[in-house]
Amino acid sequence: MERIYDNVTKEVMDEKLWLLLGEGIIKIFLVLLLSRIIIRIGKTVISKFFAVRLRSPIRVSERRETTLIKLLENIVTYVINFIALVMILEIFGFDVKALLAGAGILGLAVGFGAQSLVKDIITGFFVIFEDHFSVGDYIKINTFEGEVLEIGLRTTKIKSSSGELHLIPNGSIVQVTNYSILNSKAVVDVAIPNDGSAELAERVLIQTLNNMEGKYDFLVKAPEFLGIEAISPDEVVFRVTAETKPMHHVEMSRILRKEISAALDLSGIKSTYNGSES
């Protein structure tokens, strides 16, 4: 027992051991510090590159640039951290080449299990570079609907209108509806009593819609009066539409109902509404 104690004490008190340990700690610290610096420089270069593109006449959309910046920053971080990990393993004396060779064999063994991961990453690249949607877009993926917060290598994060955060594997994206690319359209049906006031109501509607042109920033052009949509013994239904910038159709429908109702009330005509947005 005493001999074991002496051997342990001798090893612990060995100056070479402490020198090697101190040297290893310093090397690891330098590797971690250098990796942080390189990652920061890489992110700065990416930001400056896209800042130059902002002043260029040939450029992609701002939302897509935000998505690409985030993706490239993630790639830089993953690559540099992997290289730093390899260097730290070498400092500890591991044979990295043997480990990588073993990882290759292990990779073949678990290849079938990793198919979903590969599918997620490949789909993520296609989503970004084919510009299916970008950060900030309001979309519907399969049954999930909301604003895109982040598009990663494996998952897409969207926030629903009620605040839930959905993490969707990119490989599971089958159907996408993007509400933020094309202009939206508000459709409002205005019903009035079938009592002979249809001509007056038509004139009031046309005048009201024309007066709305240029009144709202998100209104692309003056709302259109499409005419009579339906007639019954009790009522006449007119249809009006308004083209808006993406995602403003619901707000525009409410404004149409409010302005039309006020105008018809001034003319002594009662009205009811049905509407849809697209």
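Within the range 147-176, residues that are within 15 Å of Ser116 (Cβ to Cβ) have Cβ atoms under 6 Å from residues that are of a type in the set (D, E, K, R) in these pairs: Arg154/Asp120; Leu167/Lys157; Pro169/Asp120; Asn170/Asp120; Gly171/Lys119; Gly171/Asp120, counting only partners at least 6 apart in sequence or on another chain.
The set of residues from the range 161-180 being buried (at least 16 other Cβ atoms within 10 Å of the Cβ) and within 30 Å of Leu256 (Cβ to Cβ) comprises Asn178, Tyr179, Ser180. The set of residues in the range 59-72 being modelled with pLDDT under 75, out of contact with any helix residue (DSSP H, G or I) (no Cβ under 6 Å at 6 or more places or on another chain) and either basic (Lys, Arg) or more than 15 Å from Asp131 (Cβ to Cβ) (or both) consists of Arg63, Arg64.
To keep it simple, each residue is scored yes or no on (1) modelled with pLDDT under 90; (2) aliphatic (A, V, I, L, M).
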site	(1), (2)
Ile206	no, yes
Leu209	no, yes
Lys215	yes, no
Glu229	no, no
Val237	no, yes
Ile255	no, yes
Ile269	yes, yes
Thr272	yes, no
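For the range 191-212, filtered to residues that are touching a Pro at 6+ places or on another chain (Cβ under 8 Å) and more than 13 Å from Lys270 (Cα to Cα), the residue that is surrounded by the most Cβ atoms within 10 Å (Cβ to Cβ) is Leu209.
Any idea which of (1) at pLDDT 90 or above; (2) buried (at least 19 other Cβ atoms within 10 Å of the Cβ); (3) more than 12 Å from the chain's Cα centre (by Cα) is the one Ile158 doesn't satisfy? Result: Ile158 passes all but (3).
Residues in the range 220-254 that are crowded, with 20+ Cβ neighbours inside 10 Å, more than 13 Å from Asp189 (Cα to Cα) and aliphatic (A, V, I, L, M): Met252 only.
The values are calculated or read from the model by the stated rules, or taken from the named source; none is laboratory data. Values in this document were obtained by computation on a predicted structure and should not be read as measured data. Backbone-built Cβ (ideal geometry, glycine too); neighbour counts: all protein chains shown.
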